[in-house]
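Input: a single structure, listed below in structure tokens.
The values are calculated or read from the model by the stated rules, or taken from the named source; none is laboratory data. The model shown is predicted, which means the values in this text are computed figures rather than measured ones. Here Cβ is always computed from backbone atoms with ideal geometry, including for glycine, and neighbour counts include all displayed protein chains.
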Amino acid sequence: MTASRWVARVRAPAAKVAAGVVLPLLAAGGVWGIQGGWFLHISLLDVNFALITLLAALALHLLTGRAGLISIGSAGFYALGAALGGLFGTRLELPFLAVLALGLAVGALVGAVVGLPSLSLKGLYALLATLAFHFIAVFAYLEYSDTFGYAGIGYPPVSVFGYPIDTDIAWYGLLMAITILVVYAVGSLSRGRQGRVLVAIRDQEFAAAAAGINVGVTKVKVYALSSALTTLAGILYAYYLTTTTVDLFTLDLAIQLIAIIVIGGSSTVAGSVVGVAIWTALPKLIETLSNQAGSGWFYDNKDGFNNVVFGLAIILIIVLRPGGLAEMSMIAARAALVIPRRAPAGRDA
Amino acid sequence: MKINSTFGRTAAVPALVGGLLLASACGSSSSSSSFSSPKDGVSATEITIGMSSDVTGPAASNYLPYTSGVKAYFDAVNGKGGINGRKVNVVVLDDQSQAPKGVSNYRRFVTQTPALAFTGLNSTQQSAVAAQSRANNLPFVGSIVTGADMMKPFNKNFYSLACTYPDQAEVAVAFMVEQLGLAAPRIMTSQTPVASGNEWASVVKELVQKAGGTLVANHVTEYGALNEDVFGRDVADKKPDMLIAHGATSTAQVTMKSLAKFGVKNLPIGTAAVLQDGSVPATAPGVVNSYYAFNCYTAPGAAGADGEPLIAAAKAAGLEAKVYDRPEFTQGYTIAMVMAKAIEGAGDRPTRDAVQQQLDKLNELDNGALSPAVTFSPDDHVGIAGVRPYKYNPSSGAFEPVGEFDDYAGCLTNYYVTRSLDSWNKDCIK
Amino acid sequence: MASFIQDIVSGIATGSIYGLVAIGLVLVYKSTGVFNFAHGEFVALSAFLLTSLTAALGAGWLAIVAVLVIVPILGVLVHYLIIRPMMGKPLLATVMTTIGLGLALRALILILYGPDPRQFDGPIPSNAVDIGSVRIAVSDLLTIGIAVVCLLLFGLFFTRSSLGLQMRAVANQMEASILSGVNASRIYAVAFGVGALLAAVAGVLLASTSVVSVQLSNLALIAFPAVIIGGISSVQGAIVGGILVGVLEKLAEAYASQQAAIAVVYAVLLAVLLLRPQGILGTREAMRA
């Protein structure tokens, strides 16, 4: 099929765009923010939350976009991360990097267990298993956080290799480093043999099995990896907020993450980046527009508009362009940049 | 972009021109009106006040009246020419009760869109900014609730103007026990699974035991539950003498429905300030025998002559009674009044530090029937001490104050400072 | 013992409502292959519509009839606009579409009705009767009764009416039924309309016995386990699953806590998924990979 081959051709540059253009842009945007050149009042703090969200979105991209599996349990893994932060960081007073490492390990282990039903069950059942994990994890968090007193779990100050991470810019540096590492890892995993195995399972599960791929083990692995990454995001989220309570871990959080990867494009790393960027900017844009309106109906309902736009965007994108906005912008970029340059050389456009 | 709270965008230009004219007129008598301190949110003509509130989220029905109260007060101030010639611009950011949004909004007012003073956030969000709020110099003047993390250890920048849950519980238990006149009352409590709910339930339990009563059961009600049938059945079974409740309007309404289902009748109910909402007892009229809320703020309509300026300001702002005739509106109005008082006292050169010095000096600011007097000192930022009962009147739908704040002063242990309920006894009401 | 029986009755009543919602989910899933994650939003929307129609029409009964007519029409509209283009697409796409639909519907309800909960003074009485030492709410008995009547009506519809027979045919043997001349496209739309009708019945019942808020849409979250526990391939399974989940929830609430209840229900779901994925009454079909 020409369309899918074409999409495949777009995909490779899309990953490069993610690594080569969007991330430095995000970095530049952040630095620009520090210097006070505000865009839609997006502050460094918002950028930092966006980076944490990007980690969780990338985890979902691995699962959904790469392996065709689906999870609505992201908020549960956030809760797991927040609880593990409380256990390893607050109670056992382990250093921050050790907390992150242990969090990754426990997250992977729990993720593998959550992924087990996907071995024998088809999509919907596996999805409901992740929903079950969400409710069980949130309840476990609630019971555990009650042992910390009324105000939820508090986290100790962060330092990495002796450097205190106590300002937004320090956090920005730390999160950026982690994000680049994760993007690189996810990108190279996707390009390598494992990536092709995942795509094979996504597109032709039986053929993949026939070709000698151990589908079950691969599925559990990808659940483990994705869950570890989401748990990591949860720990970072908890430490950055300094306190967590159970009301943070709503199913809506998981749904927002699904929205992010669908709107940006679930099959590419760039899609997650674009999705997170839109997720961060859209409320700010709506707020700015509604403030210009000053008062009245639009102003009063800005939050509603945000979710209406998000919900409708998901439907439209799935119906019209399942590759998401990242793919659309690639197509637009090709149309705008590549073709005019090539046209004089006499090639057909 | 910033928006003046009084004027629409089109009116902003003439207002600005008017402000400039006013400023230049003052300039002839006082040279300091050209003072500006952008990092403190003060320009030659304008003062920025920052606010983060739940405007469209799950707790909007409590936070919207509070937000409106703050805005209505400053609208009225601006109508009279502002503070020392400067207009006050209240910038409200919606946080929908979400922690990351609240933290983001708060930090924006620290440096990005600097504000001279800040108000807002729920208790979870306050916990998340507690450390930062100690590290900068932005005066943080209350919210409708005060998180424990903001007060302990002492926070020089945070000025609480909320009645604490222990204060409410101390008056509630004493009053309800006295009302029933029972030597050994059997009491049930309810709470939502949030920090303040846990605090409420545990303090009430200790007080009930001190009063010689027994706590029959505590029910944790969940947001969004379809019914509270197990709770309703339990109340019908155990027949407590009264219910002492905490919660949110929606959970309390669901509870009322379930109590009615199981034929519970004539139950006396005492609630935390947050449930001072007539829609709760009105949900199931036969269930409640008497419904009291324990609060430190009086809704404008129930405060007699003292409430009139609030109603006038609310009407000038085009608000409906269901928004302004609530204690949260009075609370917002009072918070704005305290801010304005401090800014005015800081004179022609208002800075964050100057405003803080003024707040620290605020002594016995009389608020009439609206609330107990407000007092701060450099090492005590509790601000308001005093709670009284408000009785729900089913025929008018209003809450009417019972007695004066002073009548109940003997019940308060100042728990956030003393951390002990030892000085409380059930016969503390004058 | 008395309180145990009371909790069981509450559980059956609450569970009948879950069952009604679960039947809607099963019907739509069986006939169109789409699992509707926006089903709960239809319940909430019905309840809100009921409050505004009561205000507009002046009578609760009239409003109830109007809701039971309008919501199925909305359901059919949603089917043609959103669900139809999705049929035959991968599960991922259909699930995400209905999640997007739910997000948008919830936000729309919030825009139209605001954050404050509303009340509906319906025709269902709020009192209790004592049977021996057991006190039972009249509204619970009525809810159970209405659910039973609904079930009987749907039973007749599926076994006696030609439309119902065609729906079962399409759900069980799509190709064969199309070959034998059934208009499958129309059947899909009818299935979605019937699903929406059941959601509307649940919405009306909940508005009468609880408080009208956007939170009512969370009902679907507890109907999902009901569907799987009962068995997604059978309509009877859905009602059995609903009642089981309702009873389980009330017992967990009574003997542990309300926070534990949903975790307990989902833990049972996990166990069923792992041990008997076809559900209690389900027949073993292609739910295994």
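Listed here are the residues, each with its yes/no results for (1) surrounded by fewer than 19 Cβ atoms within 10 Å (Cβ to Cβ); (2) away from chain A (no Cβ under 12 Å); (3) without any contact (Cβ under 8 Å) to a residue 24 or more places away in the chain.
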position	(1), (2), (3)
C:ILE17	no, yes, no
C:ILE23	no, yes, no
C:PHE37	no, no, no
C:LEU53	no, yes, yes
C:GLY58	yes, yes, yes
C:LEU62	yes, yes, yes
C:VAL67	no, yes, no
C:ILE73	yes, yes, no
C:LEU81	yes, no, yes
Would you confirm whether any residue within segment C:206-216 is buried (at least 24 other Cβ atoms within 10 Å of the Cβ) and either under 12 Å from the mean Cα position of the chain (by Cα) or more than 13 Å from every other protein chain (Cβ to nearest Cβ) (or both)?
-> yes
Of the residues in segment B:73-106, those that are more than 14 Å from chain A (Cβ to nearest Cβ), in a helix (DSSP H, G or I) and of a type outside the set (Ser, Thr, Tyr) number 5
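One line per residue, one yes/no per condition, for (1) of a type in the set (Ser, Thr, Tyr); (2) in a helix (DSSP H, G or I):
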{"residue": "B:VAL177", "(1), (2)": "no, yes"}
{"residue": "B:ALA183", "(1), (2)": "no, no"}
{"residue": "B:ILE187", "(1), (2)": "no, no"}
{"residue": "B:SER196", "(1), (2)": "yes, yes"}
{"residue": "B:SER202", "(1), (2)": "yes, yes"}
{"residue": "B:ALA217", "(1), (2)": "no, no"}
{"residue": "B:PHE231", "(1), (2)": "no, yes"}
{"residue": "B:VAL235", "(1), (2)": "no, yes"}
{"residue": "B:PRO240", "(1), (2)": "no, no"}
Can you tell me which residue among A:ASP252, A:ASP303 is at pLDDT below 70 and assigned to a helix (DSSP H, G or I)?
-> A:ASP303
What is the residue count in segment C:63-96 for residues that are at pLDDT 90 or above and out of contact with any helix residue (DSSP H, G or I) (no Cβ under 8 Å at 6 or more places or on another chain)?
-> 3
Expected output for segment B:245-256 (first residue closer than 21 Å to C:LEU205 by Cβ, partner part of a helix (DSSP H, G or I) and of a type in the set (Phe, Trp, Tyr), Cβ below 8 Å, 6+ apart or cross-chain) is B:THR255/B:PHE231
Taking C:GLY203 as the residue in question, decide whether it is part of a helix (DSSP H, G or I), more than 13 Å from chain B (Cβ to nearest Cβ), in contact with a Leu (Cβ under 9 Å, 6 or more places away or on another chain) and under 30 Å from C:LEU270 (Cβ atoms).
-> no
From the set of residues in segment C:97-114 that are free of Cβ contacts under 8 Å to residues at least 12 places away in the same chain and touching a helix residue (DSSP H, G or I) at 6+ places or on another chain (Cβ under 7 Å), which is farthest from C:THR51 (Cα to Cα)?
-> C:GLY100
Out of curiosity, is A:LEU175 surrounded by 15 or more Cβ atoms within 10 Å (Cβ to Cβ) and at the interface with another protein chain (Cβ under 8 Å from one of its Cβ atoms)?
-> no
Would you confirm whether any residue within segment B:217-233 is more than 14 Å from chain C (Cβ to nearest Cβ) and surrounded by fewer than 18 Cβ atoms within 10 Å (Cβ to Cβ)?
-> no
All positions within segment A:95-151 that are of a type outside the set (A, V, I, L, M), surrounded by fewer than 24 Cβ atoms within 10 Å (Cβ to Cβ) and more than 12 Å from chain C (Cβ to nearest Cβ) | A:PRO95, A:PHE96, A:TYR144, A:THR147, A:PHE148, A:GLY149, A:TYR150
Residue identified as in a helix (DSSP H, G or I) and at pLDDT below 80 among C:ILE178, C:ILE124, C:ILE144 | C:ILE178
Contact list, first residue from segment A:44-62 and touching a residue at least 40 places away in the same chain (Cβ under 8 Å), second anywhere and of a type in the set (D, E, K, R), beta-carbon distance below 7 Å, six or more apart or interchain, is A:LEU44/A:ASP168; A:LEU45/A:ASP168; A:LEU45/B:ARG107; A:ASN48/A:ASP168
Does segment C:269-289 contain at least one residue that is facing another protein chain (nearest Cβ under 10 Å), crowded, with 24+ Cβ neighbours inside 10 Å and of a type in the set (Lys, Arg)?
-> no
